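Heads up: the structure comes next, in C-alpha cells.
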Amino acid sequence: NEKRKQDAGDPGGIPFTGDLDAIYRANLHLRTASRVLVRLGDFRAIGFTELRRAAAKLPWERYLTPGQPVTLRVTCHKSRLYHSDAVAQRVASAIGDRLGVPSPVEKADDEADQPPQIVLVRLLHDQCTVSIDSSGALLHRRGYRLATAKAPLRETLAAGMLLASGWAGGALDEPAPLPDP
C-alpha cells in the first residue's frame, strides 16, 4: 500500500492493475494518456552486477521474442548507478541472458514501419523500475486523421482540457455547443 501511494505521487503517471484485456482497453480508450506501460519489475540496485542479475530475472519472454530489437530509455536520479548508458548496457545484457539471444539496441524511430520495442528503466534513490511500452506509437498519433497539420495542442492535452471543463459532448445529430474561448 505504501508503494502504491508513492507511485501515485510520481509526476506523469497513474498506476493501475489489470489483465491483458485491461491493457488493450486502456490503449484503445484512454484519451489523455500518451503511453500505457506494463511494469515488469521493481528492485533495489546499488551495483551493476546486482542490476544485471535482477533484470535477468524479469519475465522478458512474455513481451519480447529472442533477438527482437529494443530501445532502452534510461533515467537515473539520486542513485549510485548514475550513468544511463552503462545502465542501458547492463539491462540489454540481462535481456540477452534471459532470452538466450542478445536483443539489438536501436535508437527510437517513431516514423519507422516496425519501431523497436521501448523498454523504460528508471533509477531513483537506488530503486530500479523496469517497464515495457504496450502502446507502440504515441497514442495521440493514432487518430483517425490521414492528413495532419500543425496544431497548437496535442490531442491528449485537448482531451484533458475537455474532461476538466465538464463538457459532455452530445448526440451526433445535435451536439452540445462548445464555446471556443
Can you find, within the stretch 54-78, the residue that is least open to solvent (accessible area, probe 1.4 Å) among those that are among the charged types (D, E, K, R) and more than 19 Å from the chain's Cα centre (by Cα)?
LYS57
Checking ALA158 against (1) in a loop (DSSP other than H, G, I, E, B); (2) at pLDDT below 85; (3) among the hydrophobic types (A, V, I, L, M, F, W, C), which single condition isn't satisfied?
(1)
Every residue from the stretch 44-53 that is closer than 15 Å to GLN127 by Cβ and either open to solvent by 50 Å² or more (accessible area, probe 1.4 Å) or of a type in the set (A, V, I, L, M) (or both):
ARG44, ALA45, ILE46, GLU50, LEU51
On the basis of being touching a residue at least 40 places away in the same chain (Cβ under 8 Å) and more than 27 Å from GLY160 (Cα to Cα), does ALA54 make the cut?
yes
Which numbered condition GLY41 fails, given (1) open to solvent by 60 Å² or more (accessible area, probe 1.4 Å); (2) part of a strand (DSSP E or B)
(1)
Subset of the stretch 79-134 [in a strand (DSSP E or B), open to solvent by 20 Å² or more (accessible area, probe 1.4 Å) and touching a residue at least 60 places away in the same chain (Cβ under 8 Å)]
LEU120, GLN127, THR129
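The values are calculated or read from the model by the stated rules, or taken from the named source; none is laboratory data. Predicted model, so just to flag it, every value in this text is computed and none were measured. Here the Cβ is made from the backbone with ideal geometry for all residues, glycine too, and neighbour counts use every protein chain on show. Side chains are part of the model used for accessible areas, which takes the heavy atoms of the whole protein and leaves out ligands, DNA and RNA. Shrake-Rupley method; radii C 1.70, N 1.55, O 1.52, S 1.80 Å.
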